[in-house]
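Worksheet: the structure to be examined is printed underneath.
The values are calculated or read from the model by the stated rules, or taken from the named source; none is laboratory data. Just so we're clear, the structure is a prediction, and the values are computed from it rather than from any experiment. Don't worry about glycine lacking a Cβ; one is built from the backbone with ideal geometry, like all the others, and counts go over all protein chains shown.
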Amino acid sequence: MTRVFSGIKPTGHLTLGNYLGAMRQWAAVDQHRADALFCVVDLHALTVHHDPARVRRLSRQAATLLLASGLDPALCTLFVQSHVDEHARLSYLLECVATDGEMRRMIQYKEKAAREQRRGGSVRLSLLTYPVLMAADILAYGTDEVPVGHDQTQHVELARDLAVRFNQRYGHTFVVPRATNPSVAARVMNLQDPLSKMGKSDDTGPGIVYLLDEPDVARKKVMRAVTDSGRDVVYDRESRPGVANLLEILAACSGGNPEALAGVYESYGDLKRDAAEAVVEVLRPVRERHGELCADPGYVEGVLREGAERARGMARPTVDAAYRAIGLLPAGSDTGAPVLNAVR
Ligand code: TYM
């Protein structure tokens, strides 16, 4: 069975971009067709300035929202990254395979490092090595597919490169993964700045629809979206990024296709109104289920506890095999079984 792994970082409140670009696909498709693991990747939230209590709160909230969006613990494994030591164990080995130049070429590193510097902060070393930890997240589970939005494609490519390099140097240990993207809304843009991604760690609230926004708030944000100087509704990401974004959001929420929808509208106003209603309707059941789950925090904790146990059992053999393959002396209890046995 295909193994799927993906993750979400608790650095801010989850957005419509996270939902349309990733979470919805995980719940509607991936957990039903694959052996799927979904992870709240809390270690990644420590790579920039953070408030410890907020990271804890956001981690719990992200897990609750993943369940609210339809992840079913009977079908998939949901857990928190820091509860499974294998991620950090493997990350160090992969740091010994990755190169400094490779890390510095990562687009997200360049953008985030520049942002930290603009704020007068220092850039943490972990921000540079972040994609290696992400590769460890993926490779520890023998992952075949990584369903993500477009912004994560470069990171998944790195995971592929590291898997291939490790296997060539030390023997076949890792499955080589590939990224998959949704057909629409793989890159939802900020409603106030349609040239920038709608990102949860950004500060520009009015351009970001959060999953827990009240319906009226979400509606207003879409109605106030920046559009382009033309008047006719055409789908062209280059010359009409604002309108293209609204068409993609509407298409993703209503099941249509952005080009076809462009032909249906004669004014920006009508497009915005329908997009706003579609967003409100898509988010309504998620908000409602989130409310119910918040009333039962013990349930969410139990799901995460069991998920971590299952995940640990899955990651351990591959990570142990990588330790042996790279030349580390097995500990007394480690049988030193051949590396190939670790591959599913
Ligand atoms: P993160 O937390 O930024 O985003 C989680 C998922 O949401 C997608 N996404 C979007 N898709 C479309 N439009 C947007 N505006 C948008 N914003 C976010 C992301 O592409 C992602 O799929 N590094 C990862 C977390 C991670 C991970 C992993 C993912 C850590 N380890 C291993 C997969 C596998 C991140 O920061 O995602």
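Given the residues ASP151, ASP144, ASP137, which is the only one that is within 9 Å of the ligand (Cβ to nearest atom), surrounded by fewer than 20 Cβ atoms within 10 Å (Cβ to Cβ) and within 20 Å of the chain's Cα centre (by Cα)? Outline the logic, then answer.
Working: ASP144 fails: within 9 Å of the ligand (Cβ to nearest atom); ASP137 fails: surrounded by fewer than 20 Cβ atoms within 10 Å (Cβ to Cβ).
After applying the criteria, what remains is ASP151.
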Item to check | Among the candidates ASP137, ASP161, ASP144, residue that is in contact with a helix residue (DSSP H, G or I) (Cβ under 7 Å, 6 or more places away or on another chain), in the same structural domain as ALA45 (by the TED database) and charged (D, E, K, R) | outcome: ASP137
Checklist outcome for this item: Apart from one, (1) within 12 Å of the ligand (Cβ to nearest atom); (2) on the phi > 0 side of the Ramachandran plot all hold for GLY70; the odd one out is (1)
Checklist entry - Looking at VAL40, VAL4, which one is surrounded by 23 or more Cβ atoms within 10 Å (Cβ to Cβ), within 21 Å of SER183 (Cβ to Cβ) and either near the ligand (Cβ under 9 Å from one of its atoms) or aliphatic (A, V, I, L, M) (or both)? => result VAL4
Checklist entry - What is the residue count in region 60-76 for residues that are polar (S, T, N, Q) and either not in a loop (DSSP other than H, G, I, E, B) or not assigned by the TED database to the domain that holds LEU304 (or both)? => result 2
Checklist entry - In region 172-211, which residue that is surrounded by 17 or more Cβ atoms within 10 Å (Cβ to Cβ) and small (Gly, Ala, Ser) is farthest from ALA322 (Cα to Cα)? => result GLY207
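Restricting to strands (runs of 3 or more DSSP E) lying wholly in region 116-217: which have 2 or more residues that are more than 20 Å from SER69 (Cβ to Cβ)?
On the way: elements: 145-147, 178-180, 193-197.
Where strands (runs of 3 or more DSSP E) fall fully within region 116-217 and carry at least 2 residues being more than 20 Å from SER69 (Cβ to Cβ), they are 178-180, 193-197.
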